[in-house]
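Visitor: Mind looking over this structure? Questions follow.
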Amino acid sequence: MVKVITYGTFDLFHQGHVKLLERAKKLGDYLIVGVTTEHFDEARGKVNVVDSCLERVENVRKTGLADEIIIEDHAGQKIEDIQKYNIDIFTVGSDWVGTFDYLSALCKVVYLERTPNISSTLLRSSQFQIVKVGIIGTGRIAARFVAEEKYVSGMNIICTFNPEAESGKLFEKRYGIRTYSESYERFLDEVDAVYVASPNETHYEYARAAVVAGKHVLCENPIAFNGRDAEGLFSLAEDSGVVILEGIKTAYCPGFQQLINTARSGQIGEIRDIEACFTRLANPRSRECTDARFGGAFLEYAVYTLLPIFKLYGTQYQDVKIHSIKREDGLDLYTKIDLMYGQGMATAKCGVGVKTEGQLVISGTKGYILAESPWWLTKKYKLCYEDPGKTETFEPKFQGDGLRYEMSEFVAQINKNKYLLTKNEIVAMSEITEIFMEERMRSGK
Ligand code: CTP
């Protein structure tokens, strides 16, 4: 039996792909098709792939041409596969001529003529518009957003809005981006989408007005202080046909997705406990430490710590309890959120005035995953078992300060819905924020 192997991304599956697979199949008796993971594509610099790995695998499967489909997730895997599957022929399209000659030491290498005038790149560019983005707020985060723009294709930052004209002007001078301060409507007229990076208590109103004006919204967290408002924003967005996304950067980082997939894969058995902790001793003069109404540990970091919990257990918790250590003026220096699910429990801890290791531990019936601080960037995590000799360490790719992944996701969603953070998760986070805010109001501080 002659065994053939071929690899590809197979994004926006097209005729070029079908023709390649047909000819690859004819080269032998058994065809194995390797489909790349998002993670591997990103590592190769291909960051704008539209279809998820699962969708791409499904499209290859539907052709009925592949006898076996495998996942390609790291450089060097081709050599491993050729040996492991006893491959006779390796084949890819003629755009790769020469690149894989080194494999001829292991098997025959065949470059098939590429089908002219069609490619995923062409399809992507004809489908997509360049999104004109306006930033609301001109503080620290806005500056970081501007710095990351060059790594994200498909978006252009064209203006900012800040009602405080003076600080807006400073930003304009520094970054050469036009700033509006008088009329929010005029600013909105200029853009297709906004990034809300203003103070916490203004997020919701800005986001709402933008959605009503038919603009896509990427909103820094917290998007709202209660579940109702968050839910309302989503129905408004649905009515206006726009995307709304909460800026919880961790959710979009490739490493975090890999970690969640590892946890879901069953390698640690059934998940029974999750402990997610995020503390940062903030500058006493910063907004986090001075604003007793809208600052503090919970509003700063809780969504990050809730994220792995909702991703793994879902949003239907049975019970939630929130405890805080507060300063005299009511600002929470340290907050602990305990969640109970049927067969699992979870704790989310965040602090601006208490320092801990800040780790993420996902414990299962067979082992656990440990990601040390800063796990929210997910550059590294370990898979551990009773037998320490079996520990595996993962070091996913992570570039810049991570904001670029969130920005890419925003553009990807505007162009074609692809949700890494779901509406249910965002609304559930706002509901927990509501419980916290009610307690803050009740205690009269
Ligand atoms: N291919 C082909 N003819 C085309 C496009 C792709 O024969 N017109 C082949 C490629 O050479 C490769 C396989 O199909 O062997 C999978 O290619 P992939 O990179 O997924 O597709 P492209 O359309 O080339 O994607 P991109 O534009 O993102 O590079």
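The values are calculated or read from the model by the stated rules, or taken from the named source; none is laboratory data. Nothing here was measured: the structure is a model prediction, and the numbers come from that model. So basically every Cβ, Gly included, is an ideal-geometry build from the backbone, and we count neighbours across all protein chains shown. Remember, those area values only see protein heavy atoms, side chains included, never the ligands or the DNA or RNA. Shrake-Rupley method; radii C 1.70, N 1.55, O 1.52, S 1.80 Å.
Visitor: Between Ile118 and Thr365, what is the label-point separation in nm under the 7 Å Cα-to-beta-carbon projection?
Guide: For the pair Thr365/Ile118, the computed spacing is 4.7 nm.
Visitor: Given a cut-off of 27 Å, name the pairs among Lys169/Lys326; Lys321/Lys423; Lys249/Lys336; Lys78/Lys366 whose C-alpha atoms lie farther apart than that in the structure shown.
Guide: The pairs that break the limit, which is 27 Å between Cα atoms, are Lys169/Lys326; Lys78/Lys366.
Visitor: Work out the FRET efficiency for His14 and Asn86 from their Cβ-Cβ distance, taking R0 = 35 Å, and round it to the nearest 0.05.
Guide: Efficiency, rounded to the nearest 0.05: 0.70.
Visitor: Oh, and also: For the stretch 1-84, what is the charge dipole size about the Cα centre, in debye to the nearest 20, if Lys and Arg each add +1 at the Cβ and Asp and Glu each add -1 at the Cβ?
Guide: About 420 debye.
Visitor: Pulled fully out, how much extra length does the chain show between Val110 and His323, if you take 0.36 nm times their separation in residues and subtract their Cα-Cα distance?
Guide: Extra length available between Val110 and His323 comes to 70.3 nm.
Visitor: Can you give me the P(r) profile for the stretch 307-445? Cα pairs, bins 10 angstrom wide beginning at 0, each as a whole percent.
Guide: With 10 Å bins starting at 0, P(r) equals 10, 29, 36, 21, 4, 0.
Visitor: Beyond 21 Å, what percent of the Cα pairs of the stretch 215-340 remain?
Guide: That tail contains 51 percent of the Cα-Cα pairs.
Visitor: For the stretch 191-241, what class follows from the C-alpha gyration tensor (a ≥ b ≥ c being the square roots of its eigenvalues): rounded when a/c is under 1.5, otherwise prolate if a/b is larger than b/c, else oblate?
Guide: oblate
Visitor: Let me check against my output: what whole-number percent is the relative contact order of the stretch 141-276, with C-alpha pairs under 8 Å and at least 6 apart?
Guide: Value for the stretch 141-276: 15 percent.
Visitor: Which of Asn200, Asn283, Asn226 moves most in a GNM of the chain, Cα contacts under 10 Å?
Guide: Of Asn200, Asn283, Asn226, the Gaussian network model singles out Asn283 as fluctuating most.
Visitor: Sticking with this one: Per residue, how large is the accessible surface of the chain? Use a 1.4 angstrom probe and give square angstrom.
Guide: With the other protein chains kept in place, the chain gives 45 Å² per residue.
Visitor: What FRET efficiency comes out for the pair Leu103/Glu22, r = Cβ-Cβ distance, R0 = 30 Å, nearest 0.05?
Guide: The formula returns an efficiency of 0.85 here.
Visitor: Once label points are set 7 Å from the Cα along Cα→Cβ at both Tyr385 and Ser126, what is their separation, rounded to one decimal in nm?
Guide: Placing both labels 7 Å beyond Cα along the Cβ direction yields 5.1 nm.
Visitor: For the chain, modelled as a Gaussian network with Cα springs under 10 Å, which listed residue fluctuates most, Cys350, Cys107, Cys53?
Guide: Sorting by GNM fluctuation, first place goes to Cys107.
Visitor: Continuing with the same structure: Calculate the translational D of the chain in whole µm² s⁻¹ from Stokes-Einstein, where the hydrodynamic radius comes from the Kirkwood formula applied to all Cα pairs, the temperature is 20 °C and the viscosity 1.002 mPa s.
Guide: 90
Visitor: Give me the extension gain from Ser167 to Asn261: residue separation times 0.36 nm, minus the current Cα-Cα distance, reported in nm with one decimal.
Guide: Result: 29.6 nm gained on full extension.
Visitor: Could I ask something else about it? Return P(r) of the stretch 199-270 (all Cα-Cα pairs; 5 Å bins starting at 0; whole %; ordered from short to long distances).
Guide: 3, 16, 21, 16, 12, 11, 11, 6, 3, 0
Visitor: A follow-up question, please. Given Cα pairs under 8 Å that are at least 6 residues apart, what percent is the relative contact order of the stretch 365-445?
Guide: Relative contact order, the stretch 365-445: 16 percent.
Visitor: Give the separation of the Cα centroids, the stretch 266-280 to the stretch 327-383, in Å.
Guide: After rounding, the separation between the Cα centres reads 8 Å.
Visitor: Let me ask something else. Between Trp96 and Glu392, what is 0.36 nm times their sequence separation minus the Cα-Cα distance? Round to one decimal in nm.
Guide: Value of the extension gain: 103.2 nm.
Visitor: To continue, here is another question. Please tell me the relative contact order of the chain in percent, rounded to the nearest whole number, where contacts are Cα pairs under 8 Å and at least six residues apart.
Guide: 13
Visitor: Round to a whole angstrom and tell me the spacing of the C-alpha centers of the stretch 187-224 and the stretch 1-78.
Guide: Value for the Cα centre distance between the two parts: 39 Å.
Visitor: Sticking with this structure for a sec: Expressed as a whole percentage, what fraction of the accessible surface of the chain belongs to carbon and sulfur atoms when a 1.4 Å probe is rolled over the protein heavy atoms?
Guide: Roughly 49 percent of what the probe reaches on the chain is carbon or sulfur.
Visitor: Return the loop-located chymotrypsin sites (Phe, Trp or Tyr not before Pro) in the stretch 95-192 (DSSP other than H, G, I, E, B) with at most 13 other Cβ atoms within 10 Å of their own Cβ; answer none if there are none.
Guide: Taking the stretch 95-192 and a limit of 13 other Cβ atoms within 10 Å, no loop chymotrypsin sites (Phe, Trp or Tyr not before Pro) are found.
Visitor: Evaluate the charge dipole of the chain about its Cα centre and quote only its size in Debye, nearest 20, assuming +1 on the Cβ of each Lys and Arg and -1 on the Cβ of each Asp and Glu.
Guide: 640
Visitor: So which residue, out of Ile244, Ile82, Ile274, gets the largest mean-square fluctuation from a GNM of the chain using Cα contacts under 10 Å as springs?
Guide: Looking only at Ile244, Ile82, Ile274, the largest GNM fluctuation is found for Ile82.
Visitor: Of the options Cys277, Pro388, Leu333, report the single residue whose Cα projects farthest towards the positive end of the charge dipole of the chain (beta-carbon charges: Lys, Arg +1; Asp, Glu -1).
Guide: Selected residue: Pro388.
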